[in-house]
Structures are given as structure tokens and as C-alpha cells.
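Novice: This is the structure I want to talk about, given as C-alpha cells.
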Amino acid sequence: MKAVQIVNPSEIKVVELEKPTVGAGEVLVRIKYVGFCGSDLNTFLGRNPMVKLPVIPGHEVGAVIEEIGSEVPGGFEKGMNVTLNPYTNCGKCASCRNGRVNACEHNETLGVQRNGVMCEYAVLPWTKIIPAGNISSRDCALIEPMSVGFHAVARGQVTDNEYVMVIGCGMIGIGAIVRAALRGATVIAVDLDDEKLDLAKRMGASYAVNSKTENVHQRMQEITEGFGADVVIEAVGSPATYVMAVDEVGFTGRVVCIGYAKNEVAFQTKYFVQKELDIRGSRNALPADFRAVINYMNTGNCPVDELITKIVKPENTLQAMEEWVANPGKVFRILVEL
């Protein structure tokens, strides 16, 4: 079968692998579409310390069930459109013991700590197969990244009488905006790009702030009547946006961090104490978050075409990644059609 492999930094090639066979408790899926994630981009750039090259990327998946192994319970049918839960969980660490399997100490995400599924076929345990109803295989590839944003809103315990600031309007930030708006919160989207901010408003943000051309603190004070945000969700992963999150959250507010900052971050730690802040990490997503995204997408209100920047064939992935590197701010998702 055909597979895409990142061989070395800035080097991608198409390789031939043996088609996997299904075993007991497993499901064989035909991969239709896979999205390139920011972690894949960092792998391509040689900046992902969790990856050992060469690696097959890919964990944002739209697939169809091809074959069902023995000992798989009912509810799965050949030809069913599905997405995949790409995370593992050991069942024994502190996170798993506390029911937060998304943050398993020993997690191995597809395409990061283990080979991903940017290939024609894959076999997974039935517990990692998520039926997606009437959502197309193409659009199923959008479910996982949006679920990460949905999970961040759950971590922030967002309610309907709160101001929620979302910093970063990429796919994950958009997921956070949608979920916070669905919960009835007043959402303030912050980004450097006006096109992304326009989309954020169409997807539920009440306000849009361009941090490149506007004074963010002044705008936040105006919007929140001087109180600051009740919840800030950081979905960029830069020192500047981490500091912005702490600066703009109100007293006794919650800061939810999704993005990984590549460099050390210098904080005025007095704000942690003076504001009595709750600062929370948000990692991956839970099955409930996947279900919530699927429910949202099944409403038909998600502008999926606007979230897909480009669809390419495996032989064109190198060119697509080079274009992404050259203009990262304009990309939502690049999908590879297998």
C-alpha cells in the first residue's frame, strides 16, 4: 500500500508498505483523507523532539471501515464513515487512574510517538474507531483538531455568562470559539490575520481583535467593561501570547493553555497570586469531545469548505508543506487524499 513518510527534515517521499491484516478486537479501515497538523509541520521542520525519523505522519483522519475482526462488538459496519481516536492510554498512570485518559503519561499519538496513518489502510483496536454518521470522509478529517479546541473549553468550565478570549484562530482555536459560543459565552477572537478573524466571527465570536493592528489591552478593557476575560484560551504557543493570556484574564479567571511555547516564557508571577488565577493545561481530547464535534458538524452549520485550505495527492505533499512553511498564517488545514 502507498504511504507518505517524512524521512528527514524537509524531506518527504511516498513509500510502499505491506497492507496490514485485521486481528481479534480490531478494525481495518481504508484511509480516505488525512490532515496535516502543526505537529507534522514541526516534524517536517526538524523541530519536534517527540518524533524519531523516519515517520509516517497523520492523526486527523477520515476513513471507511473495510473489515471487522472477531470479538468486535456491534455498532460497526463495513462502509461506515469513521474518524479515529489517535491517542493511546496505558490505564495505569495517574491521569488514567483519574479518568483523564487524554493526558496519559505514556500516550503515543499517531504520527508523533508512533507511525501515523497517512497511508491507504490502517488497523486499530475497535475502541479507537469513532463512527461519524452522515459526515463525509473528507470532513471527518476535521473532527480531531476541532475536538482539541472543544476540550480546552471543557477544561475552562466555560458558562453562558462569561467573556471568553481565544488567542489564535487556527483550526484548534476555531474549535474553541465554536464550543464556547455553543455554551452561550461571549467570545472574543484574537489573531494577526483579518481573514481568520472574519471566519471566527461567522463561527460564533462576538468580537474580533487584530493583535497586529490594535491595542489588545485597550480593546479587552472596552469589551469587558474593565473586568478582563473570565476565561482565556491560548491556542498559539508563543511566549508573547502566553504573557497576553495572563495579562488579559480578569481577577479569579481561568487561563487554559493548549499551545506549546518553543522558548522559555517570562511572567510577572505576581499576577498569578494577585488575581488568584487558575492556570490549566489542555491536552488532546476525550471521546466526549469527539462526540460533541460530530454533533455540531451534523447540524450543517460548520463551514467545512472554508476550513480546508487545500487537498493534495501523496506525491504533492512536499510542495504543500513548503507552501505552508512559506505562509503559515494563511493555512487552516491541508488534507492529503489517499
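The values are calculated or read from the model by the stated rules, or taken from the named source; none is laboratory data. Note that the structure is predicted; figures quoted are calculated from it, not measured. For neighbour counting, all protein chains shown are included, and Cβ atoms are generated from backbone atoms with ideal geometry for every residue, glycine included. Surface accessibility is based on the protein's heavy atoms, side chains included, excluding ligands, DNA and RNA. Shrake-Rupley method; radii C 1.70, N 1.55, O 1.52, S 1.80 Å.
Novice: Could you check how many percent of all C-alpha pairs in the chain are farther apart than 27 Å?
Specialist: 45
Novice: Please report the net charge: other residues with Cβ closer than 10 Å to the Cβ of V187, K and R +1, D and E -1.
Specialist: Values: positive: R179, R183, K201; negative: E162.
Combined, the nearby Lys, Arg, Asp and Glu give +2.
Novice: Residues in the range 1-32 near a label at K310, defined as backbone nitrogen under 19 Å from the 7 Å Cα→Cβ point?
Specialist: Under cut-off, by backbone N: 4-7, 9-14.
Novice: Using Stokes-Einstein with the Kirkwood hydrodynamic radius over Cα pairs, what translational diffusion coefficient do you get for the range 121-174 at 20 °C and a viscosity of 1.002 mPa s, in µm²/s rounded to a whole number? Spell out each step's value before the answer.
Specialist: Values: Rh = 13.5 Å.
Here the translational diffusion coefficient equals 158 µm²/s.
Novice: Residues of the range 1-126: accessible area per residue at 1.4 Å, in Å²?
Specialist: That works out to 46 Å² for each residue.
Novice: Determine ³J(HN,Hα), in whole Hz, for all residues of the range 177-192 in sequence, where each value follows from phi through the Karplus function 6.51 cos²θ - 1.76 cosθ + 1.60 and θ = phi - 60°; x replaces Gly and Pro.
Specialist: Using θ = phi - 60°, the values come out as 4, 4, 5, 5, 5, 4, 7, x, 6, 8, 9, 10, 8, 10, 7, 8 Hz.
Novice: Give me a comma-separated list of calculated 3J(HN,Hα) values for the range 230-236, in order, Karplus coefficients 6.51, -1.76, 1.60 applied at θ = phi - 60°, integers in Hz, x for any Gly or Pro.
Specialist: Karplus values, whole Hz, x for Gly and Pro: 6, 9, 10, 10, 8, 10, 10.
Novice: Here's a follow-up. Once every DSSP H run of n ≥ 4 in the chain is given -39500 (n - 2.57) and the sum is divided by its residues, what mean residue ellipticity at 222 nm do you get, rounded to the nearest 500 deg cm²/dmol?
Specialist: So the helix-based figure for the chain works out to -8000 deg cm²/dmol.
Novice: Ok, one more. What are the residues whose amide H is under 5 Å from the amide H of A122, where those residues sit 5 or more places off or on another chain and H is modelled from the backbone?
Specialist: V29, I31
Novice: Where only protein heavy atoms count, and the probe is 1.4 Å, what is the accessible area per residue for the range 221-338 in Å²?
Specialist: Working: 5950 Å² over 118 residues.
Normalised by residue count, the accessible surface of the range 221-338 is 50 Å².
Novice: Further question on the same structure: Want the number for E222 to N8: 0.36 nm per residue separation, take away the alpha-carbon distance, what's left?
Specialist: 72.2 nm
Novice: In whole Å, what are the extents of the range 241-283 along the principal axes defined by its C-alpha atoms, from largest to smallest?
Specialist: Result, largest extent first: 27, 21, 14 Å.
Novice: Mind listing which GluC sites (Glu not before Pro) in the range 36-120 are in a DSSP loop and have 12 or fewer other Cβ atoms within 10 Å? List each step's numbers first, then the result.
Specialist: Details: sites: E60, E66, E67, E71, E77, E105, E108, E120; in loops: E71, E77, E105, E108, E120.
Of the GluC sites (Glu not before Pro), the ones in loops of the range 36-120 whose Cβ has at most 12 other Cβ atoms within 10 Å are E71, E77, E105.
Novice: Among residues other than K13 whose Cβ falls under 13 Å from its Cβ, what is the net charge (Lys/Arg +1, Asp/Glu -1)?
Specialist: Counting the neighbours of K13, the net charge comes to -2.
Novice: Under the √(5λ) rule applied to the eigenvalues of the Cα gyration tensor, what semi-axes describe the equivalent ellipsoid of the range 49-201? Give them in Å, descending.
Specialist: Details: eigenvalues 174, 72, 60 Å².
Calculated on Cα positions only, the semi-axes equal 30, 19, 17 Å.
Novice: Whenever you get a sec, compute what percent of the accessible area on the chain sits on carbon and sulfur atoms (1.4 Å probe).
Specialist: Carbon with sulfur: 47 percent of the solvent-accessible area.
Novice: Tally Lys/Arg at +1 and Asp/Glu at -1 over every other residue whose Cβ is under 9 Å from the Cβ of E120; what's the total?
Specialist: Its environment carries a net charge of +3.
Novice: Under 15 Å from a point placed 7 Å out from the Cα of K330 along the Cα-to-Cβ direction: which residues of the range 179-195 have their backbone N that close?
Specialist: Within reach of a label on K330: 193-195.
Novice: Taking the chain as the reference, fit the longest principal axis to its C-alpha atoms, fit the long axis of helix 143-155 to the helix C-alpha atoms, and give the angle between the two in degrees, 0 to 90, nearest 10.
Specialist: 40
Novice: Sticking with this one: Straight-line reach from K32: which lysines have Cα under 22 Å away, leaving out those fewer than 8 places along the same chain?
Specialist: Correct list for K32: K2, K13, K19, K78, K128, K310, K313.
Novice: List the trypsin sites (Lys or Arg not before Pro) within the range 196-275 that fall in a DSSP loop (any state other than H, G, I, E or B) and whose Cβ has at most 14 other Cβ atoms within 10 Å. Don't skip to the answer; put the middle values down first.
Specialist: Values: sites: K196, K201, R202, K212, R219, R254, K262, K270, K275; in loops: K212, K262, K275.
Loop-located and lightly packed - K212, K262.
Novice: Please work out how much accessible surface L318 shows to a 1.4 Å probe, ignoring ligands, DNA and RNA, in Å² rounded to 10.
Specialist: My reading of the accessible area for L318 is about 60 Å².
Novice: Hey, another quick one. For the range 26-170, what's the relative contact order in percent, using C-alpha pairs closer than 8 Å and at least 6 residues apart? Provide the component values of the computation, followed by the final result.
Specialist: Details: 266 pairs, mean separation 45.7, N = 145.
32 percent.
Novice: Which whole-Hz couplings ³J(HN,Hα) result when phi for each residue of the range 217-225 is put into the Karplus expression 6.51 cos²θ - 1.76 cosθ + 1.60, θ = phi - 60°, listed in order with x for Gly and Pro?
Specialist: Computed from phi, the couplings for the range 217-225 are 4, 4, 5, 5, 5, 5, 5, 9, 6 Hz.
Novice: For the range 240-327, which GluC sites (Glu not before Pro) are in a loop by DSSP, counting at most 10 other Cβ atoms within 10 Å?
Specialist: Of the GluC sites (Glu not before Pro), the ones in loops of the range 240-327 whose Cβ has at most 10 other Cβ atoms within 10 Å are E264, E276.
Novice: Now, a different point. Taking every pair of alpha-carbon atoms in the range 122-259, give the share separated by more than 24 Å as a whole percent.
Specialist: Everything past 24 Å amounts to 28 percent.
Novice: With a cut-off of 8 Å between alpha carbons and a minimum separation of six or more residues, what is the relative contact order of the chain in percent? The partial results should precede the final answer.
Specialist: On the way: 788 pairs, mean separation 57.9, N = 338.
For the chain, the relative contact order is 17 percent.
Novice: Here's a follow-up. By DSSP, what percent of the beta bridges with both residues in the chain are antiparallel, rounded to the nearest 5?
Specialist: 55
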